[in-house]
Amino acid sequence: MNRIALGIDTSNYKTSVAITDESGRVLYQRSEFLKVEQGKRGLRQSEAFFHHCQVLPSFIEEGFEQVNPKDITSIAVSSRPRNVEGSYMPVFLAGIQTGQIISAALQVPLKKFSHQEGHIEAILSSLPDVKEERFILFHLSGGTTECLLCQRTDWGYDAEIIGGTKDISMGQLLDRAGVHLGYAFPSGKYLDRIAMTHPVTLRPSKVKIQKGYFNLSGMETQVKKSIEQEGDRIIPGIFFELQRVLHQTAKELSKAYDVPTVVMAGGVSSSDTLRNYSKSWDEKEDGCQIFFGDPVLSGDNAVGISILGGRCRNEAR
């Protein structure tokens with residue numbers, strides 16, 4: 001029998017379903033952004049929950065057309081933002097409840113992981129050269145900018161926050177700038193195109209980094225004023241400064257924790273502009289290797305959750 005796992009991830013941005021086999025090969029994957037009204041910068045938890053419940057049945061049905069449901073040996077869901085006590089977000093209940101129903105119907109175990117662990121596993125699945133048990137991962141998403149000291153375990157990942165933003169995330173900065181320019185939410189992909197096709201002619205002030213931590217709300221204020229005065233001219237400069245912050249922080253944390261491997265994950269890390277800048281980073285000079293994985297697996301998806309469900313014991317959850 002081909003043993004496969006079904007993964008479900010219901011974040012505040014996307015509904016995602018994936019099916020993977022024992023080797024981690026993706027047999028089915030679908031992710032779809034939640035619909036946000038023009039001019040708005042996100043959804044309330046109740047709205048996001050409703051949207052997930054509306055589309056999950058069709059995703060599951062579509063996935064079951066690609067495989068034999070009798071081959072499914074485990075159901076895995078993202079049940080909370082982070083793998084720490086007290087981490088909670090109501091939007092994940094949509095995936096949990098769906099997983100519970102399917103688990104009961106198929107009589108297979110339900111395994112719960114954090115949304116962040118799903119990001120870690122998904123991006124590592126696209127980076128076969130990263131085999132270290134201990135590494136630094138930057139989780140760069142719409143709501144999170146965290147630098148994590150990660151350790152593989154038998155039931156997932158332990159992740160300690162060792163740096164990141166103290167206020168708004170990089171994703172929030174980009175989304176707010178985009179909405180201010182009139183783009184739909186989330187706005188990162190629109191700004192990324194501008195940055196890739198226009199030179200840097202205007203830059204925000206340098207962001208100060210202190211022991212791996214930094215603030216971005218000051219840049220947001222500058223960016224909004226610049227947009228009101230000069231339109232999108234500031235956009236390439238935003239990406240220039242963000243890549244500088246990422247590069248400098250990665251080097252400092254790698255040295256401070258004596259961890260030579262740094263991985264970029266989360267939707268922001270799928271940016272073509274940031275990846276283009278990373279080509280000029282020098283591994284020998286930096287003292288560390290900085291990896292970007294598959295752009296598709298960088299954003300919210302259920303692939304990592306599914307793979308974890310297939311390989312982890314998960315008794316501790």
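The values are calculated or read from the model by the stated rules, or taken from the named source; none is laboratory data. Note that the structure is predicted; figures quoted are calculated from it, not measured. Because the Cβ atoms are built from the backbone with ideal geometry, glycine has one as well, and the counts that use them run over all protein chains shown. Please note that ligands, DNA and RNA were not included when accessible areas were found on the heavy atoms of the full protein model with its side chains. Shrake-Rupley method; radii C 1.70, N 1.55, O 1.52, S 1.80 Å.
Here are some notes:
- Filter pass, Glu47 being without any contact (Cβ under 8 Å) to a residue 24 or more places away in the chain, in a helix (DSSP H, G or I) and acidic (Asp, Glu): yes
- Among the residues of the range 132-143, those identified as part of a strand (DSSP E or B) and either open to solvent by 20 Å² or more (accessible area, probe 1.4 Å) or in contact with an Asp or Glu (Cβ under 6 Å, 6 or more places away or on another chain) (or both) are Arg134, His139.
- The sole residue among Ala177, Ala195 that is surrounded by 16 or more Cβ atoms within 10 Å (Cβ to Cβ) and touching a Phe, Trp or Tyr at 6+ places or on another chain (Cβ under 8 Å) is Ala195.
- Complete set of residues in the range 1-32 that are touching a strand residue (DSSP E or B) at 6+ places or on another chain (Cβ under 7 Å), more than 22 Å from Gln100 (Cβ to Cβ) and of a type in the set (Ser, Thr, Tyr): Tyr13
- For the range 201-212, the count of residues that are within 18 Å of Leu173 (Cα to Cα), surrounded by fewer than 16 Cβ atoms within 10 Å (Cβ to Cβ) and among the hydroxyl-bearing types (Ser, Thr, Tyr) is nonzero.
- If the condition is being in a loop (DSSP other than H, G, I, E, B) and surrounded by fewer than 16 Cβ atoms within 10 Å (Cβ to Cβ), then the range 101-131 contributes Gln107, Pro109, Pro128, Asp129, Lys131.
- Hey, Gly267 among the small types (Gly, Ala, Ser) and closer than 29 Å to Ser114 by Cβ or not: yes
- Per this entry, Phe239 is counted among residues that are touching a helix residue (DSSP H, G or I) at 6+ places or on another chain (Cβ under 9 Å), open to solvent by less than 10 Å² (accessible area, probe 1.4 Å) and modelled with pLDDT of 95 or more.
- Selection count, the range 180-192, where residues are surrounded by 15 or more Cβ atoms within 10 Å (Cβ to Cβ), farther than 15 Å from Ser141 by Cβ and small (Gly, Ala, Ser): 1
- The set of residues from the range 75-95 being of a type outside the set (Ser, Thr, Tyr), closer than 16 Å to Lys14 by Cβ and open to solvent by less than 20 Å² (accessible area, probe 1.4 Å) comprises Val77, Val91, Phe92, Ala94, Gly95.
- Note on the range 53-74: among residues that are under 17 Å from Asn2 (Cβ atoms) and among the charged types (D, E, K, R), the one that is surrounded by the most Cβ atoms within 10 Å (Cβ to Cβ) is Asp71.
- Those residues of the range 1-29 which are in contact with a helix residue (DSSP H, G or I) (Cβ under 8 Å, 6 or more places away or on another chain), of a type outside the set (Ser, Thr, Tyr) and either open to solvent by less than 40 Å² (accessible area, probe 1.4 Å) or farther than 23 Å from Pro109 by Cβ (or both), in sequence order: Ile4, Ala5, Leu6, Gly7, Ile8, Asp9, Asn12, Val17, Ala18, Ile19, Asp21, Gly24
- Filter result for the condition that a residue is touching a His at 6+ places or on another chain (Cβ under 9 Å) and surrounded by fewer than 24 Cβ atoms within 10 Å (Cβ to Cβ), over Glu146, Glu160: Glu146
- For Gln151, the criteria (1) within 25 Å of Glu37 (Cβ to Cβ); (2) open to solvent by 30 Å² or more (accessible area, probe 1.4 Å); (3) in contact with a strand residue (DSSP E or B) (Cβ under 9 Å, 6 or more places away or on another chain) hold in every case but one, which is (1).
- Residue that is surrounded by the fewest Cβ atoms within 10 Å (Cβ to Cβ) [pool: residues in the range 249-281 that are under 23 Å from Leu297 (Cβ atoms) and free of Cβ contacts under 8 Å to residues at least 24 places away in the same chain]: Lys279
- Residue selected from the range 293-317 under the condition surrounded by fewer than 19 Cβ atoms within 10 Å (Cβ to Cβ) and touching a strand residue (DSSP E or B) at 6+ places or on another chain (Cβ under 6 Å), by the criterion nearest to Tyr28 (Cα to Cα): Asn314
- In this entry, Ser74 passes the filter for residues that are touching a strand residue (DSSP E or B) at 6+ places or on another chain (Cβ under 8 Å), modelled with pLDDT of 95 or more and of a type outside the set (A, V, I, L, M, F, W, C).
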